[in-house]
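Following: one structure in structure tokens, then a few remarks.
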Number of protein chains: 2
Amino acid sequence: MGRVIDDRDARMLLSQWCEAGDRAVGHRVRERGAVVVAEEILAGSSPLPASAGAAGRVPAGTSLDQALARWLAPTQSTASRCGARYVIPGEGEWPTQLDDLGDGAPLGLWVAGAGNLRLLALRSLSVVGARSATAYGELVARELAAHLAENGWLTVSGGAFGIDAAAHRAAVAAGGATACVLAGGVDVPYPRSHADLLARIRESGVLVSEAPFGAAAMRHRFLSRNRIIAALSRGTVLVEAAVRSGGRSTVREARLLNRVVMAFPGPVTSPMSAGCHVVIRDEGVHLVTSPREVVSLVEGRMPPADEGRREPVDELGWREKRVLDSVPVRSPAPLGSIARIAGLGLTDAMSALGMLDALGLVERRGDGWTLRRE
Amino acid sequence: MGRVIDDRDARMLLSQWCEAGDRAVGHRVRERGAVVVAEEILAGSSPLPASAGAAGRVPAGTSLDQALARWLAPTQSTASRCGARYVIPGEGEWPTQLDDLGDGAPLGLWVAGAGNLRLLALRSLSVVGARSATAYGELVARELAAHLAENGWLTVSGGAFGIDAAAHRAAVAAGGATACVLAGGVDVPYPRSHADLLARIRESGVLVSEAPFGAAAMRHRFLSRNRIIAALSRGTVLVEAAVRSGGRSTVREARLLNRVVMAFPGPVTSPMSAGCHVVIRDEGVHLVTSPREVVSLVEGRMPPADEGRREPVDELGWREKRVLDSVPVRSPAPLGSIARIAGLGLTDAMSALGMLDALGLVERRGDGWTLRRE
């Protein structure tokens, strides 16, 4: 093979060949690296079970060049057309809490929108619940998301009808950021009638999906999508849910990940609160009755204030910290010089500067960068 | 002193001299007997603290004859006028679970109504909650009390507006028995506008109070009354309650007594459910969402079916068991002969026969009694 692929290319290929969240694939990628796993599949020598990885999607004898032409080139052109970026583990925008998923962590995430996913997700809560929500449930979701927005918390949800949409809308209306984790591709507005809502979410927040472009939102993808909603945020709040409800799968994932899991009670006469009552009673989920309680429960699990106030800078990765140390206090330095001092490539240094900029730690002046004063 | 008083007389006197539920009085009565305590008070030699027992109500130098004339005779005449009986510990109608209150057990209970308090309370649940209940709370209370009535459970409550009244009314409407534990005397309809409801409760159930005749329903009496509601029943259900609410004191008493304590959740937008949410979250109270759950939680704490089905006869006191053993299978025996065989006085034997009759274990035939077939 004359051409070679890097980790990013390999993950893009694998995400098209394999089902999202397949733990057998995730395990092998963690053991051998994505490049090896992709090459094994192309060579027809993959030890993955038939149920996992590229099941029938990669014809025997496909060459690397053929694969790049068939799967990578169209993806890259769609990405640039719809303004989406592929974020992979270890990169600046990767939310490291997703690594808690272990073998079930996504291979990568397609992200579209103005927000920086990792920074936004530092203070984030998932608000989930029934599609066929009641007026009561939508009211509770709206008040919660508005409170989160006003207090600098990201509202994470799934873009569906009912509770999801009420939460996204209220976050946007309150001038806050919201992340919508889609079950299909980020280029596939789903549900279709939420195309406008999704467009508005992109303006200050992000659309997120591990599914390849064009992937339809199918039932099994909703369930695997829910683990990302749960893992991305510090806590999950179930606002309304029938006894059988997708929201309960998000609760289950969040509990497995040791996140703070909460539910709002409701009238016992409403079937849409019955699922909330079940998880409160039988699954040890916290009963919450106000947005303030939600935030204080989650903050109760965050490092306490008397250990020193935790600043955004404490959450930075090693690349960002190194870049921050390389940015001069006064006279602006150009990207190239900062990257050299930090010992990083231009792309990584640029991505780190973007994050530091978003955090208000550095500022661009002319062609260079300095630390931001106060 | 020429005349003597018995335990019953002494308790009637003490209940007029001392505040209901005074533990210092209760302790001394358990230690020395009610007769001694009453005699000590009359003699001005009572070691009870000034705060307890007859504080200023019994003038120094009151003779026993004066006391009987002033306190006992009017009580007995009111009792016969309003058809109330005084039930004391050890008697056939005394609900032995009240002994769980220890020094705080009532000295005696005034009972008015067709039901046998002890038998009714064998399968009983307290349904309590806010006076200013919402339509939602009253609906929940009604459905719960109706279900209890249909399944042979006594609904215990306090006769107040709101949840109490909804529960009593639904129990009566469903043809079930209900017990109303009053804070004032059983001869004082309180609230006044519930006079009709209280009259209907007497027809198949009972009015109960430890307060002497004529006692007004005052704040401190509501709180001490609540311990009787909690102790009388196997479990307490809080249907609706504000954060500050009398119903929460009943919950507290029931928890101290190790009864099953339950609460219904409601909309978080309703202040009348906020107290329920607090006790569920902070006081380990069971969240319940249906009458069926309530009954199965309480039955889960009763002896399991596989230890042999528990019959009413298992709950009988020694007097009733002895009388039951003395009743012939075929030819009816008169009361006198049954009492002699059982080794009991006529009154005790009669009271035991009444209870056995109510339980369907014996039947009257002509002037005598036999065991009931099947």
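General remarks:
- Total residues in segment A:267-279, condition touching a His at 6+ places or on another chain (Cβ under 9 Å) and either closer than 13 Å to A:GLY129 by Cα or modelled with pLDDT under 95 (or both): 0
- Enumeration of residues in segment A:128-162 that are within 14 Å of chain B (Cβ to nearest Cβ) and among the aliphatic types (A, V, I, L, M): A:ALA133, A:ALA135, A:LEU139, A:VAL140, A:ALA141, A:LEU144
- Among the residues here, A:VAL127 qualifies as assigned by TED's automatic domain parsing to the domain that holds A:ARG244, touching a helix residue (DSSP H, G or I) at 6+ places or on another chain (Cβ under 7 Å) and either in contact (Cβ under 8 Å) with a residue 60 or more places away in the chain or in a strand (DSSP E or B) (or both).
- Members of segment A:337-364 found to be assigned to a helix (DSSP H, G or I) and under 12 Å from A:LEU324 (Cβ atoms), listed by number: A:ILE338, A:ILE341, A:ALA342, A:ALA349, A:ALA352, A:LEU353, A:MET355, A:LEU356, A:ASP357
- When A:VAL251 is tested against (1) hydrophobic (A, V, I, L, M, F, W, C); (2) within 14 Å of chain B (Cβ to nearest Cβ); (3) surrounded by 24 or more Cβ atoms within 10 Å (Cβ to Cβ), exactly one condition is not met: (2).
- Residue count for segment B:61-78, restricted to those that are over 21 Å from B:VAL29 (Cβ atoms) and of a type in the set (A, V, I, L, M, F, W, C): 2.
- Residues located in segment B:254-272, provided they are more than 12 Å from B:GLY235 (Cβ to Cβ), without any contact (Cβ under 8 Å) to a residue 60 or more places away in the chain and crowded, with 20+ Cβ neighbours inside 10 Å: B:PRO265, B:VAL268
- Looking only at segment A:74-88, residues that are touching a Phe, Trp or Tyr at 6+ places or on another chain (Cβ under 8 Å) and exposed (fewer than 14 other Cβ atoms within 10 Å of the Cβ) come to 0 in all.
This table checks each residue for (1) more than 24 Å from A:PRO89 (Cα to Cα); (2) in contact with a strand residue (DSSP E or B) (Cβ under 6 Å, 6 or more places away or on another chain).
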residue	(1), (2)
A:ALA230	no, yes
A:GLY235	no, yes
A:ALA242	yes, no
A:SER245	yes, no
A:GLU253	no, no
A:GLY266	yes, no
A:THR269	yes, no
A:VAL288	yes, yes
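- Which numbered condition B:ASP314 misses (of (1) at pLDDT 90 or above; (2) more than 10 Å from chain A (Cβ to nearest Cβ); (3) not in a loop (DSSP other than H, G, I, E, B)): (1)
- Residue check for A:THR289: out of contact with any Lys or Arg (no Cβ under 6 Å at 6 or more places or on another chain) and either within 14 Å of chain B (Cβ to nearest Cβ) or assigned to a strand (DSSP E or B) (or both): yes
- The helices (runs of 4 or more DSSP H) falling completely within segment B:1-118 that include 1 or more residues that are within 19 Å of the chain's Cα centre (by Cα) and not assigned by TED's automatic domain parsing to the domain that holds B:LEU316 map to B:7-17, B:23-32, B:73-82.
- A Cβ distance below 6 Å, combined with a sequence gap of six or more or placement on separate chains, defines the contacts here; from segment B:58-75, residues that are among the aromatic types (Phe, Trp, Tyr) reach residues that are buried (at least 18 other Cβ atoms within 10 Å of the Cβ) and outside any loop (DSSP other than H, G, I, E, B) in the pairs B:TRP71/B:LEU13; B:TRP71/B:GLN16.
- Only one of the numbered conditions (1) more than 21 Å from B:CYS18 (Cα to Cα); (2) out of contact with any Leu (no Cβ under 9 Å at 6 or more places or on another chain) is not met by B:ALA216, and that is (1).
- Per-region count, segment B:223-244, residues charged (D, E, K, R) and buried (at least 24 other Cβ atoms within 10 Å of the Cβ): 3
The values are calculated or read from the model by the stated rules, or taken from the named source; none is laboratory data. No experiment lies behind these values; they were computed from the predicted model shown. So basically every Cβ, Gly included, is an ideal-geometry build from the backbone, and we count neighbours across all protein chains shown.
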